[in-house]
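Q: To start, I am sharing the structure in question, which I have written as structure tokens.
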Amino acid sequence: MKKYPYLLKTVSRLIQEQELIVTGDRVLIAFSGGPDSTALSDILGKLCEEFKFQLAFFHLNHGLRGQEALRDQNFCVEWAKKRNFEIFIEQYDVKAYKKELSISLEEAARKVRYQKLKEVAELWKADKIALGHHRNDQVETILMNIIRGTGINGLRGMPIRNGKFIRPLLRTSLDEIHRYLEEQHLAFVIDSTNLDQSFLRNRIRNGLIPLLKQDYNAKIEEIIFRMGLNIQESLSIIPEEKWSIEKKGRLFRLPVSSLVETSDFKRRQGLIELINQVKGDTYHITRAHFKALEYIIKKGKGQTMLPEKISFWVDNGYIYGRRGELLLGDIPNWSYILKIPGINKFEDIGLIIESFQKNIPGQFDLKALWCEIDLDKCDLPLLVRNFLNGDRVVVNGKEKKLKTIFHGQGIPENWRKKVPILCDQKKILWIPGILLDERAQVQENSKSIFIVSMRTGKR
């Protein structure tokens, strides 16, 4: 074995002990160009040949810092190029995403980063996604969770391994990282937003932790870090409950009986698992949200909203969860003619529909539900309406009843009339979030391609 610097040997040993990376793995590194991701990239770059795994890099330009962000992007590209590693670059308007979900800029950036990482990992067929989180990040995360009102899961902090995601530096301090960078003569970039006190993490890092160290306990970071490890170890010996969560289309459901006939602790764990399936995480999920969910479970009916436009409801012995379902209120049969192209606002049902020709730049939110249709295949005018008995669509060359499609997607019968449907004068074209009828699909020879988007708006 080669003679390595102390930190590299430490990380190498941890990778082997925890089996974070094994021979033949394809590892995608989240690379910002900052000190932690640079150190991680250098360490894994030095280990990949000996331990026989492949590396590639991913960099996200959040579109928040102008020329500074472009500087970081160029740094990462040159860094990977110099070492003959493939790098994937993505740019994203995080501010627009923040506005859409009504969440903090910090949270929006985190969600976009993870989503893009997953997409690139799938494209590159990565076995692992390596993150540069370190010991100091872990302490900050636990404190953030405490401030937000966490349960026991929040006290354990970030896991060293979570599915494809691995954190080889999680037991390494930031001081050790900087020492390694200095020893190896490695350059890195500094993100100016790390000083922005509008972000909770920065206020904890730059204000709360120094205060705790100065006025209460100089070893507070060590204490919090060890607490997280102890809780992780304690939870690991608790038998893992198997929850019978079903996925149908974009809908998730769990039998209410499995949550009623159990302890309070296990019920909370079941709800955490269900929320993770629907939302992808439990960020900003507070005790009040759990209380609301437990209330409709106990009642056996009702619905509640969670942050980021996540809906949960209880019906027919199940609790359902779905993101962006585009379900409208309890409104009788309705139908509206659409202006194509243009913006259609239907305030009485709380629906906004936008359309424009594909080759003409449009101004609509791409995070809304949207599709491409061949307008030449449509019998104009187009309209939007709710479900009618007897509705049929064409799937895989065969005509199917729409109620059968709804059943397969897990949409309860009493919710089906709340789903808006795009039609022409003879046929259904699109059910948002579910399917696009084959008769409206764009082909290579299509000449009149229109983008249509739907989103809910204020009633």
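Q: Could you bin all the Cα-Cα distances of the chain into 20 Å bins starting at 0 and give me the percent of pairs in each, rounded to whole numbers?
A: Calculated over all Cα pairs of the chain, the distribution is 20, 49, 28, 3 percent.
Q: Another question, then. Against the globular-protein guess of 2.2 N^0.38 Å, express the Cα radius of gyration of region 6-233 as a ratio, rounded to two decimals. Mind showing how you got there, number by number?
A: Working: Rg = 17.4 Å, N = 228, 2.2 N^0.38 = 17.3 Å.
So region 6-233 has a normalised radius of gyration of 1.01.
Q: If you don't mind, another one. Over the chain, what is the relative contact order in whole percent, taking alpha-carbon pairs under 8 Å and six or more residues apart?
A: Taking the mean separation of contacting Cα pairs over the length of the chain, I get 11 percent.
Q: Let me ask another. Using a Förster radius of 41 Å, what is the FRET efficiency between ARG203 and GLU294 based on their Cβ-Cβ separation? Nearest 0.05, please.
A: According to the calculation, E is roughly 0.80.
Q: When only C-alpha pairs under 8 Å and at least 6 residues apart count, what is the relative contact order of region 1-149, in percent?
A: Result for region 1-149 is 26 percent.
Q: How long is the gain from ARG65 to LYS426 if the chain were fully straight, where each residue apart is worth 0.36 nm and the alpha carbon distance is subtracted?
A: 125.0 nm
Q: Is it possible to state the helix-based mean residue ellipticity at 222 nm for the chain, with each DSSP H run of 4+ residues giving -39500 (n - 2.57), the sum divided by total residues, to the nearest 500 deg cm²/dmol? What is it?
A: -11500 deg cm²/dmol
Q: May I ask you to order 347-354, 106-113, 163-170 by the average number of other C-beta atoms within 10 Å around their residues, highest value first? Working shown, then result.
A: Values: 347-354: 17.2, 106-113: 19.8, 163-170: 21.8.
Top of the packing list down: 163-170, 106-113, 347-354.
Every number here is computed from the coordinates shown, using simple stated rules; none is lab data. Please read these numbers as outputs of a predicted model, since none were measured by experiment. Every residue, glycine as well, gets a Cβ built from its backbone with ideal geometry; the counts of neighbours run over all protein chains shown.
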